[in-house]
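Colleague: Take this structure, written in structure tokens, and hold onto it; I'll ask about it next.
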Amino acid sequence: MKQRIEKMDVKDKTVIVRCDYNVPMHNGIIFDDTKIVESLETIEYLIKNNCKIIILSHMGKVKTEEDKLYLSLEPVAKRLKELVGREVYFSKTIMDPEVQTRIDAMLPKDILMLENTRFLDVPNKLESSCDAQTSAYFASLGDVFVMDAFASCHRAHASTVGITKYLPSCIGFSVERELISLDKFLKNPEHPFTVIMGGAKVEDKLELIETMLPKCDHLLLAGGLANSFLKALNFEIGSSLATESNRTIEKLKQIMLNNREKLMLPLDAIVGSTYDENYTRYRRINEIDINEVILDIGIKTLDKYKTAIYGSKTIFLNGTMGVYEEERYSNGTKELLNALKTQNAVVVVGGGDAVSAVKTLGFKGEFTYLSCGGGATLEYLVKGHLVGIDSVMEESTIEVLDV
């Protein structure tokens, strides 16, 4: 069993906590603080134990210097300050002697959040390559490491996996809660088991789709994932988001050939246009124009998907049916959630977009469990383990490390 924070000796120590603060944000405004709220139990536990708390997290993908202009964690630090009810100090630098100076000056119960760890990916990918020197540097900042970012547990990065090679490590309350809930509800799901997936790039979820298909009874697709499958069937999808890879297209054809009874794709859609932002039309899938963009599923698709949903005993939702943030493209997601709400079934919602939609559209508290894991949740369901959790020490080793 992985070492739990309650079994770790953290009292009066400097504790590094890897949180998942990859929250939806625009122009410094946070639209959903669920992930910040999820971290509070661990942070408050450390405060009660008189710890100095150093917080690490990433936000988004940082590929250029320009990306740093809008992917700073400073607004997150301000929101955490409001939620935790005490000062949260923020460091705009990460690998800088000034950071250690600030930590030395901290008092017990103080909180310091470092800037987005992925800022270190420009230009040398020090974070995402799990660079040994960067990992050792992170570890040098504290006495104990707490992994509390479940959504990042499938990434072998310096701040998730590398750091565990140099420090006693444990899992926080948020990660523990995710593991217990996913094992309880989805490890051996009651059948029929239906998986509903949305998303942008089919390449990002292709392996997961292939692995989930033998485990589920129905796989319902929407968004860019569905568009790519429709493209593989030679449907005109206009300017909709879809794969450009011929190799992927051939793979999708094979998947459909082998899973005709399980796989469900949209029959109709609500579309927009590339040349008119006010343009909104209903289209059957075989009627889409070259300049149109699929932005939501239609009523016939909903009716088709409900046939799978209504007979299911376990349902896992990962993604939305369309651009639910815009009212005119939100009906598919709303109606799907309404259908799930009425079911006498275990309904687990996973992934940032899906969880945000549940909250935004007024369905909070209606489902069995909301997971913030996204890709990590899917990978855990498929493989039964995650590299970011595997790297945390076992409970049986704690006595050795404490000597």
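The values are calculated or read from the model by the stated rules, or taken from the named source; none is laboratory data. If you're wondering where the values come from, they're calculated on a predicted model, not measured in any experiment. When we count neighbours, we look across all protein chains shown, and the Cβ atoms used for this are built from the backbone with ideal geometry, even at glycine. Ligands, DNA and RNA are excluded from the accessible area calculation, which covers all protein heavy atoms including side chains. Shrake-Rupley method; radii C 1.70, N 1.55, O 1.52, S 1.80 Å.
Colleague: Translational D (Stokes-Einstein, µm²/s) of the chain at 25 °C and 0.890 mPa s when Rh comes from the Kirkwood sum over C-alpha pairs?
Modeller: 110 µm²/s
Colleague: For segment 163-221, what is the convex hull (Cα atoms) projected area averaged across all directions, in square nanometres?
Modeller: Average of the hull's projected areas for segment 163-221 equals 6.1 nm².
Colleague: Let me ask another. Based on alpha-carbon centroids, what's the gap between segment 337-382 and segment 186-253 in Å, whole number please?
Modeller: 18 Å
Colleague: Further question on the same structure: Using a probe of 1.4 angstrom, how much of the accessible area of the chain is carbon and sulfur, in percent?
Modeller: Here carbon and sulfur together make up 48 percent of the probe-accessible area.
Colleague: In what sequence, highest mean first, do 61-68, 179-186, 140-147, 317-324 appear when ranked by Cβ atoms within 10 angstrom?
Modeller: Packing order, densest peptide first, comes out as 317-324, 140-147, 179-186, 61-68.
Colleague: Using each residue's phi in segment 233-247, evaluate 6.51 cos²θ - 1.76 cosθ + 1.60 at θ = phi - 60° and report the 3J(HN,Hα) Karplus result to the nearest Hz, with x for Gly and Pro.
Modeller: Once rounded to whole Hz, the list reads 8, 6, 6, 6, 10, x, 9, 5, 5, 6, 5, 10, 8, 5, 5.
Colleague: Right, something else. If each DSSP helix of 4+ residues adds -39,500 (n - 2.57) and the sum is divided by the residues in the chain, what number results at 222 nm, nearest 500 deg cm²/dmol?
Modeller: Mean residue ellipticity, 222 nm, calculated: -10000 deg cm²/dmol.
Colleague: If every alpha-carbon in segment 1-148 counts as one equal scatterer, what log10 I(q)/I(0) does Debye give at q = 0.19 1/Å?
Modeller: -1.22
Colleague: Something else now. If amide hydrogens are placed 1.01 Å from N in the peptide plane, which non-local residues have theirs closer than 5 Å to the one on D131?
Modeller: It is A158, by chain and number.
Colleague: Set Lys and Arg Cβ to +1 and Asp and Glu Cβ to -1, take the dipole of segment 249-330 about its Cα centre, and tell me which of Y279, V323, I255 lies farthest positive.
Modeller: Checking the options against the dipole of segment 249-330, the answer is I255.
Colleague: What is the spin-label model distance, in nm, from S245 to N124 if the labels are put 7 Å beyond Cα along the C-beta direction?
Modeller: Between S245 and N124, the simple spin-label model gives 3.0 nm.
Colleague: Based on the Cβ-Cβ distance of E261 and E394, what FRET efficiency does E = 1/(1 + (r/R0)^6) give at R0 = 51 Å, to the nearest 0.05?
Modeller: Approximately 0.75, to the nearest 0.05.
Colleague: What are the ³J(HN,Hα) couplings of segment 295-312, residue after residue, when phi is run through the Karplus curve with 6.51, -1.76, 1.60 and θ = phi - 60°? Round to Hz, x for glycine and proline.
Modeller: Going residue by residue, I get 10, 6, 7, x, 5, 5, 5, 4, 4, 5, 5, 5, 5, 7, 5, 5, x, 8 Hz, with x marking Gly and Pro.
Colleague: DSSP beta bridges in segment 239-348, what fraction antiparallel, as a percent rounded to 5?
Modeller: So the antiparallel bridges amount to about 75 percent of the total.
Colleague: Here's a follow-up. When the chain is fully extended, how far beyond the present Cα-Cα distance does N188 get from R283, taking 0.36 nm per residue of separation?
Modeller: 30.3 nm
Colleague: Which cross-chain or sequence-distant (5 or more) residues have an amide H under 5 Å from the amide H of K52, H modelled 1.01 Å from N in plane?
Modeller: K13, T14, V15, K109
Colleague: Which far-off residues, 5 or more places away or on another chain, put their amide H under 5 Å from the one on K2, with H placed in the peptide plane?
Modeller: Under 5 Å from the amide H of K2: E395.
Colleague: Taking the 0 to 90 degree range and rounding to the nearest ten, how far is the long axis of helix 223-232 tilted relative to the main principal axis of the chain, both from C-alpha atoms?
Modeller: 50 degrees
Colleague: Let me ask another. So what is the accessible area of segment 262-317 per residue, in Å², with the probe set to 1.4 Å?
Modeller: Ligands and nucleic acids excluded, the figure is 47 Å² per residue.
Colleague: In sequence order, what are the phi-derived ³J(HN,Hα) couplings for segment 118-124 according to the Karplus relation 6.51 cos²θ - 1.76 cosθ + 1.60 with θ = phi - 60°, rounded to whole Hz, with x for glycine and proline?
Modeller: Using θ = phi - 60°, the values come out as 6, 4, 6, 7, 10, x, 10 Hz.
Colleague: Between D104 and N50, what FRET efficiency follows from the Cβ-Cβ distance if R0 is 25 Å, with the result rounded to 0.05?
Modeller: 0.90
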